[in-house]
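Q: First the structure, which I've put down as structure tokens, then a few questions once you've had a look.
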Amino acid sequence: MGQKLDMIDVSNDVAQIRTRTAAALQADPSIDALLATGPHVCEAAAAAVKAVGAKVHLACFDLSQGVMKLIKEGQVAFTIDQQQRLQGYLPIVFLHLYNSGAGLLPGADIPSGPGFVDAKNADKVLALAGVDR
Amino acid sequence: MAAQRTVSVARREADRLQTGGRLAALSRRPEVGAFVVMVVVVTAIAIASNGQAFNALGLKNNLSIIAQFGIIAIGATLLMIAREYDLSIGSMIGFAGMSMAMMLKWGLPFGLGPATPVSAFFLTLAMTLAIGWLIGTIVVRSGLSSFIVTLSFLFFLRGLTEVCFRAINGSTQISGLPDFKETSTFAYLFGGETFGWFYDLWFLLGGNVNRAGAQWVTGFDARLAWWIAVALLAWLVLSRTQVGNWIYATGDNREAARANGVPVDKVRIGLFMVSALCATIFAACQVFETNTADAAKGNLKELEAIAIAVVGGTLMTGGYGSILGVVLGAVTFGLVANAVFFIPAIDGSYYRVFVGVVLLAAVFLNERVRKRITGGL
């Protein structure tokens, strides 16, 4: 969308994720949005945003108990659920239909996402976490 | 005349060997290489980040990373002085973190009821110390290189961590535990804050103000206090006790030390347990700060710990090294690993390039220093 993107390697260490995100936020006050690419990165990034006191739109990938809590508290705007149920379940169903139904196939590709989780559906998703979500 | 007489009184027999002035004596200390590299790195980062790296939050965050590097580096250094390596530090951190978080989430093993931070920590510590003892015993009894034995534990412990996560927890991370540092003093000791007076004073003096005009940072992360405590203890033991002499002797000439009655094997086993202790403290600080754990925790930390020991002037061949040097090395390494992200003009991925450069520069500098001290050995 034409906006400047700065990608930082925050490592896999929860303490370093927090301090490096805080460093980047402090170094460039014009940053107005963060996209964290994992649930533990998301939780550490939320702590960094809080410590710096920045007004930042924080969005994440994947679900965890901590991320759901942050969404409900309003610290994280939304997270993107991979929807593994669709990724893993549908292919098997389609393969079965293809084999047993003389090449029966849906007429077009079926997207498995993106599945957004935000404050509106967080509670419902949490109830199904580990089962259907 | 009078001045000359006092000088001659202060001289001792040993001073006969001393040549040159105070500066020359300073330049022979093992920490001098680490100190020079640290000054260069601190100055460069302060200038390049417009001082941001050392404002209230920057200082706290940098010291947080420096401290957690420093804790494991001291364990690695003590082992290196005794001419052993521990490549299992990173996996030990992962194992300890998994163990503590798992107990806090699912209760104590064998149905002993729910865990408190105290019982989770000490039960985990008992396990990691036992593993450290096992590693040490295997190394001592088999005569195999500790490099190989601990390498196998690097894989073994990481695999065990993942297996436990999958078998018990069903997922490779634990998140959303209750905030134990709010309710338990013991958890606060690891995951809370320390030296709050420093930031209170800073605020009173007019600094440390956040974007809303109130006090910004309230204290350093608790691991800073742990780092200082571990470093002080290690320094005391190394330079003031018989055990310290044993450690140096074990790394220098093992057979001569054994012949002189140094319990070489016990020293080595004990140091592997110290290394496990350092890894457990590292893990406890992270678990109780973030209330999370994941299977990748501590990945590659063993190599970073050894790199810091080397930057701090410890020799790979044993028998030589200093705690002060490693403290300075941790400052250098932690800053390079964290403060690069204060400089928007530089892509953060360059930090590993800098780490490599700093490591090599420090080793060259330390080699020169060591040759001067030992007379070219």
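Derivation of every value follows stated rules applied to the coordinates shown; laboratory data play no part. Computed from a predicted model, the values in this text were never measured in an experiment. All Cβ positions, even for glycine, are placed from backbone atoms using ideal geometry, and neighbour counts span all protein chains on display.
Q: Partner chain Cβ atoms within 10 Å, averaged over the residues of A:24-34 - can you pull that number for me?
A: Mean inter-chain Cβ contacts per residue within 10 Å come to 3.
Q: Shifting gears a bit: When Rg is the radius of gyration of the Cα atoms in chain B and Rh is its Kirkwood radius, what does Rg/Rh come to?
A: Using only Cα positions, Rg/Rh for chain B is 1.01.
Q: Which distance in nm do the two modelled labels at residue B:218 and residue A:98 give, with both placed 7 Å along the Cα-to-Cβ direction?
A: 5.8 nm
Q: On to the next question. What relative contact order, as a whole-number percentage, does the range A:13-70 give when Cα pairs under 8 Å and 6 or more residues apart are counted?
A: The normalised contact order for the range A:13-70 reaches 41 percent.
Q: Another question about this same structure. Mind giving me the nanometre distance, one decimal, between the label points for residue A:5 and residue B:197, set 7 Å out from Cα along Cα→Cβ?
A: 5.0 nm
Q: Calculated from DSSP H runs of 4 or more alone, at -39500 (n - 2.57) each and per residue, what is the 222 nm mean residue ellipticity of the protein assembly as shown, nearest 500?
A: Computed ellipticity for the protein assembly as shown at 222 nm equals -20000 deg cm²/dmol.
Q: Also, quick follow-up: Sort all Cα-Cα distances of the protein assembly as shown into consecutive 10 angstrom bins from zero, then give the percent of pairs in each bin up to the one containing the longest distance.
A: 4, 17, 25, 24, 16, 9, 4, 1, 0, 0, 0, 0
Q: On a C-alpha basis, how far is the centre of the range B:219-281 from the centre of the range B:316-353 in Å? Whole number, if you could?
A: Between the Cα centre of the range B:219-281 and that of the range B:316-353, the gap is 23 Å.
Q: By the gyration tensor of its Cα atoms, with a ≥ b ≥ c the square roots of the eigenvalues, what is the shape of the range B:194-261: rounded for a/c under 1.5, prolate for a/b over b/c, or oblate?
A: prolate
Q: Moving on. With point charges of +1 on the Cβ of Lys and Arg and -1 on the Cβ of Asp and Glu, referenced to the Cα centre of the range B:59-374, which listed residue (B:285, B:360, B:170) lies farthest in the positive direction of the dipole?
A: B:360
Q: Would you tell me the mean number of C-beta atoms belonging to other protein chains that fall within 10 Å of each C-beta in A:47-53, as a whole number?
A: Taking the mean over all residues of the peptide, I get 3.
Q: Show me the trypsin sites (Lys or Arg not before Pro) within the range A:12-58 that DSSP assigns to loop and that have at most 15 other Cβ atoms within 10 Å of their Cβ.
A: Sites meeting the loop and neighbour criteria: A:55.
Q: Moving on to the next point. Working only with C-alpha atoms, what are the Rg and Dmax values of the range B:69-191, expressed in angstrom?
A: Taking only Cα atoms of the range B:69-191, I get Rg and Dmax of 15.9, 48 Å.
Q: With the cut-off at 1.5 for a/c, could you classify the range B:233-377 from its C-alpha gyration tensor as rounded, prolate or oblate?
A: Oblate, since a/c reaches 1.5 and b/c is not below a/b.
Q: Write down the Å³ per residue value for the convex hull defined by the alpha carbon atoms of the range B:102-145.
A: With only Cα atoms used, the range B:102-145 gives 78 Å³ per residue.
Q: How large is the dipole of chain B about the Cα centre if only Lys and Arg carry +1 and Asp and Glu carry -1, each at its Cβ, rounded to the nearest 20 debye?
A: So the magnitude is around 1140 debye.
Q: Considering every residue in B:342-350, what mean count of other chain Cβ atoms within 10 Å of its Cβ is obtained?
A: Taking all residues of B:342-350 together, the mean is 4.
Q: OK, next. Jot down the radius of gyration and Dmax of the range B:322-377, Cα atoms only, both in angstrom.
A: 14.1, 45
Q: Quick check on packing: order B:303-316, B:75-88, A:2-15 by the mean number of other C-beta atoms within 10 Å, highest mean leading.
A: B:75-88, B:303-316, A:2-15
Q: Okay, next question. What nm distance separates the two modelled labels at residue B:137 and residue B:256, each placed 7 Å from Cα along Cα→Cβ?
A: 3.2 nm
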